[in-house]
Structure formats: structure tokens, C-alpha cells
Amino acid sequence: MTTIHLKLLVWRQPGPHVAGRFVRYDAPDLSPDMSFLEMLDVVNERLTAQGEEPIAFDHDCREGICGSCGLVINGVAHGPMRGTATCQLHLRSFRSGQEIVVEPWRAKAFPVVRDLIVDRGALDRIITAGGYISTRTGGVPDANAVLVPKDDADAAMDAAACIGCGACVAACPNASASLFAAAKIAHLGLMPQGQPERPKRVLRMVTQMDMEGFGNCTNIGECEEACPKLISIDVIARMNRDFLRASMFGGEERAEVGGEA
Amino acid sequence: MELRARIPSGPLADKWDRHRFEMKLVNPANKRRYTVLVVGSGLAGASAAASLAELGYQVACFCFQDSPRRAHSIAAQGGINAAKNYQNDGDSIWRLFYDTIKGGDFRAREANVYRLAQISVDIIDQCVAQGVPFAREYSGYLANRSFGGAQVSRTFYARGQTGQQLLLGAYQALCKEIARGTVVMHSRTEMLDLILVDGRCRGIVTRNLVTGEVLAHVADAVVLATGGYGNIFYLSTNARGSNVTATYRAWKRGAAFGNPCFTQIHPTCIPVSGDYQSKLTLMSESLRNDGRVWVPRRAGDHRAPHDIPEADRDYYLERKYPSFGNLSPRDIASRAAKEVCDEGRGVGPGGRGVYLDFADAIGRVGRDTIAERYGNLFEMYQRITDEDPYHAPMRIYPAVHYTMGGLWVDYNLMSTVPGLHVLGEANFSDHGANRLGASALMQGLADGYFIIPVTIGDYLAATRLEKITTDHPEVRGAMEGVNRRTRRLLSIAGTRTVDSFHRELGSLMWDKCGMARTAGGLAEALRRIPEIRAEFWENVTVPGSDAHLNQALEKANRVADYLEFAELMCRDALHREESCGGHFREEHQTPDGEARRDDDRFAYVAAWEYAGDGAEPVLHREPLAFENVQLAQRSYK
Amino acid sequence: MPFGRFWGSTIGKKVVMAVTGIVLVGYILAHVTANLLIFAGPSAIDAYAAKLRTLPILLWGVRVVLLASVVLHVVAATQLAVRVRAARPTSYRRFEPQTSSAPSRTMRWGGVALLLFLVYHILHFTTGQAHPDFVHLAPYHNVTTAFRVWWVAAIYIAAMIALAMHLYHGTWSMFQTLGIEHPRVNVARRRLATIIAVLVPLGFVSVPIAVVFGLLR
Ligand SMILES: Cc1cc2nc3c(=O)[nH]c(=O)nc-3n(C[C@H](O)[C@H](O)[C@H](O)COP(=O)(O)OP(=O)(O)OC[C@H]3O[C@@H](n4cnc5c(N)ncnc54)[C@H](O)[C@@H]3O)c2cc1C
Ligand code: HEM
Ligand code: HEM
Ligand code: SF4
Ligand code: F3S
Ligand code: FES
């Protein structure tokens, strides 16, 4: 069987307030069928056996759905394969002998926790600001009482597919979280159940997004390309439209008061 | 220890209603004086935390991922069952109840399962109200698909991402409560012990995975929704972080563990490709709606699948189980795959695989329809294997997927430790010895949205709880225990990595306590496990310190628990001298190789009690009474 | 929603940029059309300039709106740029854009170039300080004499390249910012932006080029 030999240049940073640096690791004898994270596992096993601290990176499901993983690989968020999260990237996408630079997501709103792990709590806070429909458990109508046109349901699902990985932020030259926020706004805004809170939702989520220190969107489109779910930047246009409409025609009173949910 | 299942009396269909009426209520104004800790933010945990907070309780929720939205539930693909009968194909609450009891091979409680079927319809309503984008017909009505183990179409789905969408619904409900200040979320925080005061569960000890800080949280009740322990096999379809630690430590604090050996092996996973493999990927069972499972008729037939003519193919599921065919339940389909591979008819590297072929379906409904139904699964398959399933059949093989076993709970979902409630995959209830597809999501949400919010009130209203603080000696003791163990793990400084121990344990368990089990094999496992464990505590290496994010330490903690828990699983498997559902004892099979249950001796839940380190756990039996269904040999022929 | 809060949000500022962008694009379309009068000979364009001066309300109205637009456009752009700079304190060692066009990534530098050009341009052709041989109300003379100096023509041509890039992304981006998005208009908005980005600068550079090659004198 053919094996692959990679030369890694990995960002190591012991903690949030400590300076980081790039460290070289040699990774010989890898299988092309290995996933990128399995390659890091192998490197880590070797490091650990030598008593060195393994490279910290986030991961959990390893099947592209939990949104835990995320590395900038040779300058590309989630690596060279389109529509693919880091955990689903396989070494067959690389050449043997290639040098590979591995960096964490970089944004002020995503401080490094350790090595390749960043704190993406800002994304949770954007959802907490209003990315939901305020139902209570119980007391809701039958599921078929409100019909949803298939096209709307499909479009909502396209947006709802977001895994919250933050690659859009990492890939955006402006470090903007617009695609993430807009995907949730589009998902809920396309469902009939999401209409009552639509103006309030967009105002609150955008305000939170700005407060977190993300950059603004200048419609560059790198986010869509990096997104493992290929969510279209059309949702950003939708968010802008909703924001404009909500700013002009209301929603603000409730948003100003806040906290009554 | 006494197992009081607290099943309400009266006719099956009225039990839950009557019980709800009979339970004590907490006065709405008093609710905010109670604090409830919810450990876990999967479907069960997130839905429970949100619903309890809506009622007015003060809730703290914990998960080890960086965000509650990443709980393992996110990975569920296929769908969620509900007895809506929207298809008018003869479904009913009773049928869902019956299918689930039968699918579980008659090892679950009738009353719980019936309640689950009743609540299933409310779950769909709830999720739709939250904006979950379920698949729809062109009419705008909800769409359904079929799933294994059922002859009606009752599964609701959102593409191949049902778990994701349901979890995001629950997560958003949780966020809504976080915004209101009624839930405090602790992410990247792992529970490492339970705190008992005067025999009641009063809190947990956690480690902050970023700073390493060990903290105690005290409360009036604790809810564990920490998921399953399938990762004990090292390779499974579970997320890498899924673990037994929370439930195992609760066990050591006195909560009985129910049916630990009941594990589900899922028939449709992508086969192992090398020894670096870190996890196995499930291909949703829904694929079996349109895919046909086959292997070559002859052993050692290495022709490419296209070159094997129909006559030389064995569609073994259709042949052996004509009425359910490719939709036979998971345990049966998995074992059948193992059997044909054991006969040397397996395909792919290592001969551990069978084909799942879509050629007929593509011919019948067209490539576009198939792409619409399974597009993302096909893509996922291609990404991993570099093979195009539109052209060549998929290769699949069974893999560990779900654990029916879990902490024993009564009808109120309370464990044998008063005040400790257990939800979702972490408890043992509802699925018996085998879980049907699309019913774990249903159970997790039933537990979290609709059951615990009511039953926890009964406990709180009926119990007088003294105020305690984190200075309490029990609290200090539990914290000290956690710190001691951490220091010990860090001080061993041996030569083997945690993963190497995990792999060793995993392959032992897969061989001896996996798809087919024997008394001899289990006895051998029970001999080997203590040896591996002893070596672990002498020779493991955990670099770094406990004062920062240390993933090696997290893993070591979890693997140390697996190394103890494995024994309990094997012991349970050894004691259960019958085959039922996912538990297949080779000694107990019919002449044609089907599982042979022994209802006279084993129609009970095995609830194991911890008896101290080194002592044999004590077995308690909760007999299962079947008053509404006829115990029958499960047949899918 | 109070304007302060709107302006305080990133999207609000972007909307202001887009709206002022529309004004600027509109002006530029008019300007380029008027400029082409130059090919009709000195009298046509000089008469046009004189005619404008007889409509002071229109002239000053346009000037005020334009000035306000440029100010708002530039202030918003600057504030957002400052914000973006802060949003990524550590930059990547390696960063490989995958899909975006160079114009989209150079809007800020392109904008600065345009602003510098504008200042120079007004001193050059409107107020005359930057013009060695400026004659009030004689645009034909002013333009043709100016572009006979090769480096002045070069500055204008370079500026028009910057303009083309700014328009190529800006005109499209404007739709996106204002939320004008629909499967049916998405193709059209890209096409429109491309057409404007090509034709407008071409129209403008035709003048200096014609002078350099002696077609206008
Ligand atoms: C690939 C795959 C596909 C599946 N598809 C389906 C399907 O189609 N239909 C279906 O019905 N079921 C399916 N299942 C099963 C189903 O997804 C799970 O059984 C179910 O989601 C479990 O939910 P849960 O809430 O109990 O636990 P989980 O979702 O596993 O959540 C556990 C939570 O507990 C937390 N936790 C665990 N331990 C600790 C600790 N010590 N301290 C703090 N927090 C802790 C975790 O952080 C997490 O938040 C599938 C499972 C897999 C693996
Ligand atoms: C004189 C002519 C100018 C025209 C016609 C023009 C037009 C536009 C248009 C239409 C946009 C798109 C707005 C959007 O994305 O919604 C834009 C964006 C932009 N303009 Fe200008 N602009 C001009 C001058 C300037 C100047 C002088 C600057 C300088 C500082 C500038 C800086 C920018 C920047 C940075 C953007 C990107 C903003 C974004 O998309 O968020 N522009 N411009
Ligand atoms: C080759 C290109 C150009 C030529 C030959 C040109 C020519 C001129 C001339 C002759 C005038 C003076 C008109 C008068 O005073 O009557 C003028 C004014 C002006 N031009 Fe241009 N121009 C060019 C490009 C541009 C561009 C690209 C912009 C904007 C981005 C621009 C913006 C202006 C403005 C704002 C004025 C002042 C208008 C006023 O007096 O109110 N020009 N231009
Ligand atoms: S929009 Fe795409 S890239 Fe951004 S967080 Fe969601 S899935 Fe990740
Ligand atoms: S790359 Fe950035 S600029 Fe906007 S379109 Fe995407 S967020
Ligand atoms: S590890 Fe879950 S998406 Fe990559």
C-alpha cells in the first residue's frame, strides 16, 4: 500500500494568555484513507509516547455534523475539499511530502483556548439573543394544523443545516459571522411559526453579533465556500432585508425592553 | 436495595393520565426556590432543562462539549417515530407500543413503552411549533418514511439530519431560557462525581475542562441525561466524547445499573478500513428502504460487484425474512451479516462487509429521487470510502451503535438514589433488549419535554430537603475524591497511551461481548479486564497538568471507568443465559440460528447494585409482567 | 428604530453605504454620458457646462447630495474598516482565498484610491488649482490640455481601473446589502454590475486615450 508523508507546521499555544508559535512535526507512514483528524491522532500518539503534550484540537462526532472540529489547513478553513468539515477530510486530498500549515480559527471573537482550540461561545450567544421561536413545552397545535409549502420547508432546511462550526468566520477576510447568524434567521424566517418574532429576532441577533466583535460583511463570499454545508450567502441578503424592514417598521420597542421573552 | 418501579395501577391506556393526576404538584410560586441540575444537553438533557426552566425551576445545565448544541444527539440521521397515523396505514398508539415491545424482544416495561407511544404524538407537535423543518409533501403536510421493525410509515424526518434538527430545536429552547436567566449553562464542564447527603442526591462535582477547576454544585435534584456508553468498544458510531463516566460514578454512589449488557449493533455502517480508525460511520437505516442487501453466493468470490450475475448473488435478508426482508430489525440484520461474513462470503478488505445495492431502486424511481432521499448519505459515503454509491453498491458492516442498558429508573425516571433522575439513552427504560430505529430520539424527547417536568415535581413536593452548602463534609469528600484520582492519573507517568488501552479493551469487548457471546468468551473477558486495568494504573502516561485544558487527562478519566464498567457488562451478559434482542448467546439459539429467549427464567430487568471496590456487584431482579401483549417468539419471516 | 441604533449597527452602516453607493453610481452614469459630449466637439460640452451654471439649484442640489453621500460613504467605510481590523488581531500565516474576486477583497484600498483621485480631480477640473492652464467654464480646453501630459492621463487611466474594480464588486454588493435577492434577480444583478463596471470606466478612459492618441485636440 502507498503511504503518505506529511510535514506539519502546527500552531501551538499553551493557553489563552500565552503567546503561541508554529512547531514542525514530521508525520511519516500515513494511509491515504485516514482522515485528517486520524492523522493528528497518530501524531499525538507518537508525541504522548515520547512524554510530550499532544496537540489539542476540538472534535467529537467525526462525521461532519456536530461542528466541533475546525482547522485552517494550508490557508483554507476546513481544508481543501469543498463542502467538507475537517473531520471528513481524508489524506487522499494531499500529496506525499507536502508541507501543511495547521492553524486555529482566527478572530477576536474566537479567543484561542489551547493550540488549535478556540472559544466559540460567541456563536451560542448570538442564538441566545433571539435565534429561537418562543414556544413553551405543551399547548401547541397539531403538527399538521399549519401547512408549510415544501419549497419553504426545503429552503429552511438548507439554512438550518448549519453546524455552528465557525468556518464562515475563519474564512471571511473580515472575520464576519454573518453567514452563521443569517442562516438561523433564514431558517426561522422561512417557517410560518417563526413570523411573529421575526423583526425582534433579527434586531437582537445582529446587535449581539456586533457586540461580540465580529467584522462586518462586505459580501466577499469566502464563507459560503468554506461552509461544510455550503450555505448560500443569499441568506445574508435575507438577513439584511429583514434587518432593514425591522428597523423601519417596528420590532424595536420590544427589542429595547428585552428580557421578557 | 429495593426496586420500586412505581407503575400506576389501572388499565394500560389510563396509567399516565391517572398518574399525572395522583402526583403531588409544586406550587408555582415555590418552583423558583428549587434548583435542578441537568447533566447533559442532548435531546433528553436540553429538552428537560428548557422545560423545567419554563415551569419556574432554577436550572443549571452541563455538557463537556464547547456548546450544548454539539451533544451526540446531533448525529442522529434517520428520523423519529410517532403514532400520528398521518398516512392512514393502520398505525395507532397501540401499534407503536406493540412494535416497540416486540422489537425490544419483550424485555421492556409495558407501562413505560405505552406512555412513550402516547407522548410520541405530542413530540412532533412540539418540534413543529419550534420551527423544526421536517420534510414535507408538496401539499405542505408532513412527510413520513418507513423504518426497520415496522410495517407502517410513521417516521418523521428532516433530510438525513433529523437528530440535528431536533437537537437544534431543543437547544434553541434552552437558549431561550438561558436568555431569561432561568438556566445557567456550563459548557466544557464534566461531571465527575455525585454528591449524596442523607441518602439523597444533592449535587455533583465537576471539572472545568478549560481551567481544570474542580467545583461542587449543590441542588435539590439532579437529572442525568449523559447518553450511552457504546464507546466502551473503542470503535462505535458514537461521538468520540460519549462516555460512561457520569452513569458509572452514579452507580458507584448507589444507583442500580439496568441490563448493562444490552448493546445494539447497527447493521449499516461503513466497514473498518485500517487500524488507525477512530470511529465508525453509520449509514442511516433508512437506506434499507431502497437498498438491497446481498453477498456473493459462493465463498471466496472476489469478482467486482457488477460482474456478479443475479444468479450468483444471495439477497440473504429477503431470503430468510421474506415479510420484512431488508427492513428486518437491527439485531437480526446485524447477526445475519456477521453470519455470511463468517462463512467467508463477506466483501471488501478483510472480508468484513456486505453490499447494500441501490441499482434496482435507481432503475425504479430514478437517480434524482434517490438523490433527494439519501443524497447527503451518499456523499458522506463517497467522502469516506472514495467510492460512488450511485454506481457501485455500498459496502456496509455492523457496528456498535446504542446501549439499551443504563441506570435503572422507576416509572418517574428516578433511579434507586432518591433525587437522581435519569433520562434518554443513559437510562435503561423503554427499549428492552433491542431498540427500533427512530425511537431513541422519541424517547429522549418524551423523557425531557413531557415526563420529567411532571415527575420531578412529585419528588420535590413530597420531600423535605435541608439546605446544604458546598462546605458540607459529603461535598468536601466528593471533591477530594475527584482531586485524588486526577493526581493519581497524572503521577503514573508510564509508557503506554490512554488510547492504546482503550483499543485493547475495545477489541476484547467486541470479540467477547459483541454481536455473539459465549460463556467461555465472557469468562475469559472477565479474566482479562482486571489485567488490562492493572496495567493501566501502572503504565499509562498522561502528559501535562490538571490546571489547563488537557484532553489526555479527560480521556484517561473516561477509559479508567470503562475498564471497570466492562466487567459489569460481561458479568451481566454471562448471567443472562438466554438470547434476546441485541444479546445473543451462542448457546441459546434455535436450530436455524435465531435467538432463543427464555421467558420463564429471564423475563426480568437485571439491576446491578455496587457493593464496594473488589466486591461482586449484587443482582436485583425487576420481574416484567406482560398483561397486555402476548409473549411470542419474535418473527420477522 | 432610532437612527442612532441603526447607524450603530454594522448592517445599518452597510445600508448607508449601499444607498450612498446608488447615488454615486447614478451620478457617475450621468457624468460619463455628459463626458462623451466631448467627442461632439468643444462647443457641445462647453455649452453643456454653461447650461449647468444657469441652473444653480440643480447644480448645487446635486453637489450637496453628492458631497453628503461621499462623506457618509467614506465615514461608514472607514468605521467599518477599523472594526474589521480589530476583528482579527492575529492574522493567518497562510491564507488562500478560494472563490472571492480581487475587487471584492480590495474595496477599501480601491476606495481610498478613488477618494484621493476625487480630491485631485476636483482641484483639477472644477476649481483649477491643480491645473496649470485652467480656464473657467471651458471644459474642452481644460481636459484636452491636461491629458496631453502623459502622466496626468496615466493617473486618470489608473483611477479608472480602480473605479472598474470598485464598481464590479460594489454594484453587485449593493443589492446584497439591501437584501435584493431572489433566484430570478440574482443572475441579473451580477450581469448589471459587470456591465456598469466595464462600460462606465471605458466611457471615462476613452477621453484621455483619445487625447493621448491625438484624436481629440
Ligand atoms: C450515528 C447515530 C445515528 C442515530 N440515528 C438515530 C435515529 O435516526 N433515530 C433515533 O431515534 N435515534 C438515533 N440514534 C440514537 C440517538 O441519537 C441517541 O440515542 C440519542 O440522541 C441520545 O440522546 P441523549 O440526550 O440521551 O444523549 P446524548 O445526545 O448523547 O447527550 C449526552 C449529553 O451528556 C453530556 N455528558 C455526558 N457525560 C457527561 C459528563 N460526565 N459531564 C457532563 N456532561 C456529560 C454530553 O456533553 C451531552 O451533552 C443515533 C445514534 C447514532 C450514534
Ligand atoms: C466615487 C465613487 C464611489 C462609488 C461610485 C462607490 C460605490 C460603492 C458601492 C455601490 C458600494 C457597494 C455598497 C454595498 O456593498 O452595499 C461601495 C462599497 C464600498 N465603497 Fe465605495 N464608492 C465610491 C467611492 C468610494 C470611496 C471614495 C471610498 C473610500 C474610502 C469607498 C469605499 C468603499 C468601500 C470600502 C466599500 C465596501 C463596503 C462594503 O461592501 O461593505 N468608496 N462603493
Ligand atoms: C476620465 C475621466 C473623467 C473626466 C474626463 C472628467 C471630467 C470632468 C470635468 C471636465 C469636470 C468639470 C465639469 C465642470 O466643472 O463643468 C468634472 C467634474 C467632476 N467630476 Fe469628473 N471626470 C472624470 C472622471 C470622474 C470620476 C471617475 C468621478 C467620480 C468618481 C468624477 C467626479 C466628478 C465630480 C464629483 C465633479 C465635480 C462636479 C461638480 O462640479 O459639481 N469624475 N469631471
Ligand atoms: S454557516 Fe456554515 S461555516 Fe458558518 S457555522 Fe454554519 S456550518 Fe459552519
Ligand atoms: S466571506 Fe465575509 S464578507 Fe460576507 S459574504 Fe462571507 S461574511
Ligand atoms: S467532529 Fe463533528 S463536525 Fe467534525
Segment A:12-40: number of residues that are of a type outside the set (Val, Ile, Thr) and under 23 Å from A:SER96 (Cβ atoms): 18
Scan of segment B:542-559 for residues that are buried (at least 19 other Cβ atoms within 10 Å of the Cβ) and charged (D, E, K, R), ordered by number: B:GLU554, B:LYS555, B:ARG558
Any hit, segment A:130-149, residues being buried (at least 19 other Cβ atoms within 10 Å of the Cβ), more than 7 Å from chain B (Cβ to nearest Cβ) and under 24 Å from B:GLY448 (Cα atoms): yes
Members of segment B:1-49 found to be of a type in the set (A, V, I, L, M, F, W, C) and in contact with a Pro (Cβ under 9 Å, 6 or more places away or on another chain), listed by number: B:TRP16, B:ALA46, B:ALA48, B:ALA49
Residue satisfying all of: in segment A:56-96; part of a loop (DSSP other than H, G, I, E, B), at the interface with another protein chain (Cβ under 7 Å from one of its Cβ atoms) and among the polar types (S, T, N, Q); farthest from ligand 1 (Cβ to nearest atom) among these: A:ASN74
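Yes/no per residue for (1) more than 26 Å from B:ARG288 (Cβ to Cβ); (2) surrounded by fewer than 24 Cβ atoms within 10 Å (Cβ to Cβ):
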| residue | (1), (2) |
| --- | --- |
| B:ALA225 | yes, no |
| B:ILE232 | yes, no |
| B:ALA246 | yes, no |
| B:TRP251 | yes, no |
| B:GLY254 | yes, yes |
| B:PRO267 | no, no |
| B:GLY274 | yes, yes |
Members of segment A:150-177 found to be open to solvent by less than 10 Å² (accessible area, probe 1.4 Å), within 16 Å of ligand 2 (Cβ to nearest atom) and facing another protein chain (nearest Cβ under 9 Å), listed by number: A:ASN174, A:ALA175, A:SER176
Flag for B:LEU356 being at pLDDT below 95, in contact with a Gly (Cβ under 6 Å, 6 or more places away or on another chain) and not acidic (Asp, Glu): no
Close pairs from segment C:78-100: first more than 7 Å from chain A (Cβ to nearest Cβ), partner open to solvent by 70 Å² or more (accessible area, probe 1.4 Å) and in a helix (DSSP H, G or I), Cβ under 8 Å, at least 6 apart: C:ALA81/C:ARG108
Residue list for segment B:374-397, filter: surrounded by 21 or more Cβ atoms within 10 Å (Cβ to Cβ) and within 14 Å of chain A (Cβ to nearest Cβ): B:LEU377, B:MET380, B:TYR381, B:ARG395
In segment A:13-32, residue most open to solvent (accessible area, probe 1.4 Å) [restricted to those that are more than 10 Å from chain B (Cβ to nearest Cβ) and part of a loop (DSSP other than H, G, I, E, B)]: A:HIS17
Single condition A:ASN219 does not satisfy, out of (1) outside any helix (DSSP H, G or I); (2) open to solvent by 30 Å² or more (accessible area, probe 1.4 Å); (3) at pLDDT 95 or above; (4) out of contact with any Cys (no Cβ under 8 Å at 6 or more places or on another chain): (2)
Selection within segment C:134-155 - more than 24 Å from C:THR54 (Cα to Cα) and either over 22 Å from the mean Cα position of the chain (by Cα) or among the aromatic types (Phe, Trp, Tyr) (or both): C:THR145, C:PHE147, C:ARG148, C:VAL149, C:TRP150, C:TRP151
Residue list for segment A:155-179, restricted to those being in contact with a strand residue (DSSP E or B) (Cβ under 8 Å, 6 or more places away or on another chain) and more than 8 Å from ligand 5 (Cβ to nearest atom): A:GLY166, A:ALA167, A:ALA170
Residues of segment B:145-161 that turn out to be under 16 Å from A:MET157 (Cβ atoms) and more than 7 Å from every other protein chain (Cβ to nearest Cβ), as a count: 4
Evaluation of B:TYR86 against (1) open to solvent by less than 10 Å² (accessible area, probe 1.4 Å); (2) over 18 Å from the mean Cα position of the chain (by Cα) (one fails), failing number: (1)
Selected residue [modelled with pLDDT of 95 or more, closer than 30 Å to B:PRO8 by Cβ, out of contact with any strand residue (DSSP E or B) (no Cβ under 6 Å at 6 or more places or on another chain) and buried (at least 21 other Cβ atoms within 10 Å of the Cβ)] from B:ALA108, B:ALA150: B:ALA108
Filter pass, C:ARG184 being open to solvent by 10 Å² or more (accessible area, probe 1.4 Å), of a type outside the set (Ser, Thr, Tyr), within 14 Å of chain A (Cβ to nearest Cβ) and within 16 Å of ligand 5 (Cβ to nearest atom): no
Which numbered condition A:PHE36 fails, given (1) crowded, with 16+ Cβ neighbours inside 10 Å; (2) touching a residue at least 40 places away in the same chain (Cβ under 8 Å); (3) more than 14 Å from ligand 6 (Cβ to nearest atom): (3)
Residue that is nearest to the other protein chains (Cβ to nearest Cβ) [pool: residues in segment C:161-181 that are surrounded by fewer than 20 Cβ atoms within 10 Å (Cβ to Cβ) and touching a residue at least 24 places away in the same chain (Cβ under 8 Å)]: C:LEU178
Some residue of segment C:83-104 being within 15 Å of ligand 2 (Cβ to nearest atom) and within 16 Å of the chain's Cα centre (by Cα): yes
Condition met for B:SER41 (more than 21 Å from B:SER284 (Cα to Cα), in contact with a Cys (Cβ under 8 Å, 6 or more places away or on another chain), within 9 Å of ligand 1 (Cβ to nearest atom) and polar (S, T, N, Q)): yes
Residue list for segment B:32-77, filter: among the aliphatic types (A, V, I, L, M) and assigned to a loop (DSSP other than H, G, I, E, B): B:ALA71, B:ALA76
Those residues of segment C:174-213 which are under 15 Å from the mean Cα position of the chain (by Cα), more than 13 Å from ligand 3 (Cβ to nearest atom) and within 25 Å of C:LYS13 (Cβ to Cβ), in sequence order: C:MET174, C:ALA193
Flag for C:ILE22 being open to solvent by less than 50 Å² (accessible area, probe 1.4 Å), touching a residue at least 40 places away in the same chain (Cβ under 8 Å) and either of a type outside the set (A, V, I, L, M) or away from ligand 1 (no atom under 16 Å from the Cβ) (or both): no
Condition check for A:VAL10: surrounded by 16 or more Cβ atoms within 10 Å (Cβ to Cβ), within 27 Å of B:HIS548 (Cα to Cα) and within 14 Å of chain C (Cβ to nearest Cβ): yes
Number of positions in segment B:54-73 that are more than 10 Å from chain A (Cβ to nearest Cβ) and more than 24 Å from B:ASN557 (Cβ to Cβ): 4
Candidate set: segment A:107-129, residues that are among the basic types (Lys, Arg) and outside any strand (DSSP E or B); chosen: the one farthest from the other protein chains (Cβ to nearest Cβ): A:ARG125
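The values are calculated or read from the model by the stated rules, or taken from the named source; none is laboratory data. Because the structure is a prediction, the values reported are computed rather than measured. Ideal geometry is used to build each Cβ from the backbone, glycine not excepted, and the neighbour counts take in all protein chains shown. Remember, those area values only see protein heavy atoms, side chains included, never the ligands or the DNA or RNA. Shrake-Rupley method; radii C 1.70, N 1.55, O 1.52, S 1.80 Å.
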